[in-house]
Amino acid sequence: MEQTNFARGELFGDRYIIQGKIGRGGMGSVFLALDKKTGRQVALKTLHKRYADNRSAIARFIREIATVRRLNHPGIVKILDAQKLDDMFFYTMEYVEGKSLRSLLQLRQKLEFPSVVRILCLVADALSHAHTITIHRDLSPENIMVVRDGTIRLLDFGLAKLEDGFKDLTVTGVDLGKVQYMAPEQQVNAGKVDCRADLYPLGVMFFELLTGRAPQEGRKLTELRPDLPPEADVFLEKAMARDPDQRFQSAVAFRDALFALYRDTLQ
């Protein structure tokens, strides 16, 4: 697949001085750049040419970017700019120093219960704000950044919209590593989901962060973490309910139930 490459020090778009590549994925590459206009470092993401050539998909994505830019929450990475230059579509985000939740999990294997509660409550707070405007649709440990001060940032709001322009988001149409985080209703019809589809992956991550492994049907959390109370299994069952009507109905409800579970363990 075609990748974008810039030389260190290269000037892009008469505005961004490339300082190095910091990541790449199936949709494009991410570079650290200095914005000459503001004097700040930004993360600059270029999209593969196959996306830039699809006018209708890009138009939808630009509309989604406009929506996402209305988000104003300390737990959500801000999108600063989005445009097409020559035959390349790119957008810039605020640059955040930290580790992805995936990297943190790989480093530590599993996390202690208080840390998991703190992280997921912060994620739920950010989602609660986002859900007044949009849905993430692609939550996973890869796009949750843990910053040095212990706060979190959610990345990549709107990217799932771009993928929708090319394929149905079904099990056969997505990165297999992310299927486990997709709510069942999203696997069936990605276009008809609501905020509860963002809560299902929080349940998956609750299990994964505490055990270091993906959930397995029929296996209870407390079998792997006997230090946790039986109520943790009840919480997880609701968080990962296949029927969205049986799930937590809002990010606030998820957060409050998780904090109540933690509070009860202190008594």
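General remarks:
- Residue within the stretch 115-133 that is surrounded by fewer than 16 Cβ atoms within 10 Å (Cβ to Cβ), in contact with a Leu (Cβ under 8 Å, 6 or more places away or on another chain), among the aliphatic types (A, V, I, L, M) and at negative phi present: yes
- When residues of the stretch 199-242 are limited to those that are farther than 19 Å from Lys110 by Cα, without any contact (Cβ under 8 Å) to a residue 12 or more places away in the chain and of a type outside the set (A, V, I, L, M, F, W, C), the one surrounded by the most Cβ atoms within 10 Å (Cβ to Cβ): Glu237
- Of the candidates Gly75, Gly25, the single residue that is in contact with a strand residue (DSSP E or B) (Cβ under 6 Å, 6 or more places away or on another chain) and either modelled with pLDDT under 95 or surrounded by 19 or more Cβ atoms within 10 Å (Cβ to Cβ) (or both) is Gly75.
- Criterion violated by Ile144 - all others in (1) surrounded by fewer than 18 Cβ atoms within 10 Å (Cβ to Cβ); (2) among the β-branched types (Val, Ile, Thr); (3) assigned by TED's automatic domain parsing to the domain that holds Gln180 satisfied: (1)
- Selection within the stretch 137-155 - out of contact with any Leu (no Cβ under 7 Å at 6 or more places or on another chain), part of a loop (DSSP other than H, G, I, E, B) and not aliphatic (A, V, I, L, M): Arg137, Ser140, Arg148, Asp149, Gly150
- Qualifying residue in the stretch 47-61 (condition: surrounded by fewer than 20 Cβ atoms within 10 Å (Cβ to Cβ), at pLDDT 85 or above and either polar (S, T, N, Q) or outside any loop (DSSP other than H, G, I, E, B) (or both)): no
The values are calculated or read from the model by the stated rules, or taken from the named source; none is laboratory data. Since we're looking at a predicted model, the values are computed, not measured. A quick note on method: Cβ atoms are made from the backbone with ideal geometry, for glycine too, and the neighbour counts reach across all protein chains shown.
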